[in-house]
Structures are given as structure tokens and as C-alpha cells.
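K.L.:
Let me give you the structure first, and then I'll get to my questions.
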Amino acid sequence: YGIGLWLFAQSGRLLDFGLVALVVQLARILALPLLASRLNHWPPARVMLLAHAIGALCTLALAWVLLGAAPQAGQLPSLLPILLIQGVAAMAEATLVLRFSSLIPLLIADGPALIRANGLSATTDGLVVTMAPFLGTWLVSALGLMGVLGLDALSFVLAMVCVLLAPWSEDILQRLPS
């Protein structure tokens, strides 16, 4: 969300912001049906690590396009590479959401507890969608583009560490569809 806001702030063109949002949503919508059946055959930790790694690479690529390869002072980089990178990052994020949500019934087998866990997951997703505009605006204004990209990169590193440290029990892994 922050990249679209930054583009709008730099160019004054609302279309740039809208295109980023459109590409991100379309990438998610297209990725989910294509990936859903294929991801069930991969170990969850591997899927999550790969998706986080792709997201981190997208952040580095975005930093290079926006900061390192920017044409000349005062000129914005081309929108096409930004849209492509954002699309790939959105697909990686959709993969994470799909894999995580498919783990909930494997981790919590009890009926009422499963209902609460699914409700909490949906609530969290709704909070993210609701808070993203505010947080994106605040982060871009408080930290600037470098700060947003740095925070994004840090989040990928922390997420990958958490996945690596998670206790992936054989019992849960055996309940995965094969």
C-alpha cells in the first residue's frame, strides 16, 4: 500500500496509485486458484519460506527500481517494472495466506476451538485490510520510501526466522493431503 501512496505523492497522478492497487488485487485473485491445488503437495514450511523469500526479493528489486536505478533526479522510474514486481509480491503473499489458512484445521481439531480460530484468522485479515491505508500513509510520511522498504525487508527476515523456529511436528505433517 505504501508504494502506491509514494507514487501518488511523487507524481500527483491518482492513476498510478490505482494501478498498483489493481495489479496487486488481480495478482492475488489469479494466483489463488492456480496455486491452491499445487501447494497441498509441498511441506508447509517450505512453501512459507519460499513465499517469504520471493517477497524479500521483490522488496530488494523494488528498492533497486525506485532508488538505485531511478533515471535522473526529479524523474520517476517507469511504472511497468513496479507493477510487475508488486504483482509477483502479491502472488507470494496470497500463497502465504492460503498456506497459513489451510494449516488452521490441522493445528486445531476441536470443533468450537476451530470455529474460534477461523474467526480470529478472518478478523485478523479484516483488520489488515482496514488498517493498511492508515498504516501505509503513516509509514510513508514518517519513514519515507527507504524506511518503508527497510521495514518490509525486516518483516521478511523475521517471518523466515519464525518459520524456521516453528516446531513442525510429524503428526501435523502426516495429516497434510498427499
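The values are calculated or read from the model by the stated rules, or taken from the named source; none is laboratory data. Keep in mind the model is a prediction, meaning the values are calculated, not measured. Glycine gets a Cβ as well: all are built from the backbone with ideal geometry, and neighbour counts include every protein chain shown. We work out accessible area using only protein heavy atoms, side chains counted, and drop any ligands, DNA or RNA first. Shrake-Rupley method; radii C 1.70, N 1.55, O 1.52, S 1.80 Å.
K.L.:
Can Gln10 be described as out of contact with any Lys or Arg (no Cβ under 7 Å at 6 or more places or on another chain), open to solvent by 70 Å² or more (accessible area, probe 1.4 Å) and modelled with pLDDT of 85 or more?
P.N.:
no
K.L.:
Would you check if there is a residue in the stretch 108-120 being among the polar types (S, T, N, Q), closer than 20 Å to Leu35 by Cα and part of a helix (DSSP H, G or I)?
P.N.:
Within the stretch 108-120, not a single residue is among the polar types (S, T, N, Q), closer than 20 Å to Leu35 by Cα and part of a helix (DSSP H, G or I).
K.L.:
I need every pair where a residue in the stretch 89-100 that is closer than 11 Å to Val24 by Cβ has its Cβ under 9 Å from the Cβ of a residue that is basic (Lys, Arg), sequence separation at least 6 or different chains.
P.N.:
Ala90/Arg28; Met91/Arg28; Glu93/Arg28; Ala94/Arg28
K.L.:
While we're on this one: Looking at Leu49, Leu22, Leu35 in this structure, which one is open to solvent by 40 Å² or more (accessible area, probe 1.4 Å), at pLDDT 90 or above and under 18 Å from Gly87 (Cα atoms)?
P.N.:
Criteria check complete, one pass: Leu22.
K.L.:
Confirm whether Gly150 is surrounded by 13 or more Cβ atoms within 10 Å (Cβ to Cβ) and not aliphatic (A, V, I, L, M).
P.N.:
In short, yes.
K.L.:
Can I ask one more? Name the single residue, out of those in the stretch 103-124 being out of contact with any helix residue (DSSP H, G or I) (no Cβ under 8 Å at 6 or more places or on another chain) and among the small types (Gly, Ala, Ser), that is farthest from Leu50 (Cα to Cα).
P.N.:
Among those residues, the one meeting the criterion is Gly111.
K.L.:
Is it the case that Ala73 is over 21 Å from Gly136 (Cβ atoms) and either surrounded by fewer than 15 Cβ atoms within 10 Å (Cβ to Cβ) or at pLDDT 85 or above (or both)?
P.N.:
Judged against the criteria, Ala73 is a match.
K.L.:
Of everything in the stretch 98-122 that's open to solvent by 80 Å² or more (accessible area, probe 1.4 Å) and under 21 Å from the mean Cα position of the chain (by Cα), which residue is modelled with the highest pLDDT?
P.N.:
Going through the qualifying residues, I end up with Leu120.
K.L.:
All but one of (1) closer than 18 Å to Gln25 by Cα; (2) under 12 Å from the mean Cα position of the chain (by Cα) hold for Met48; state the number of the condition that does not hold.
P.N.:
Only one criterion in (1) closer than 18 Å to Gln25 by Cα; (2) under 12 Å from the mean Cα position of the chain (by Cα) is unmet by Met48, namely (1).
K.L.:
Restricting the stretch 76-97 to residues that are under 22 Å from Cys162 (Cα atoms) and open to solvent by 40 Å² or more (accessible area, probe 1.4 Å), which is modelled with the lowest pLDDT?
P.N.:
Val97
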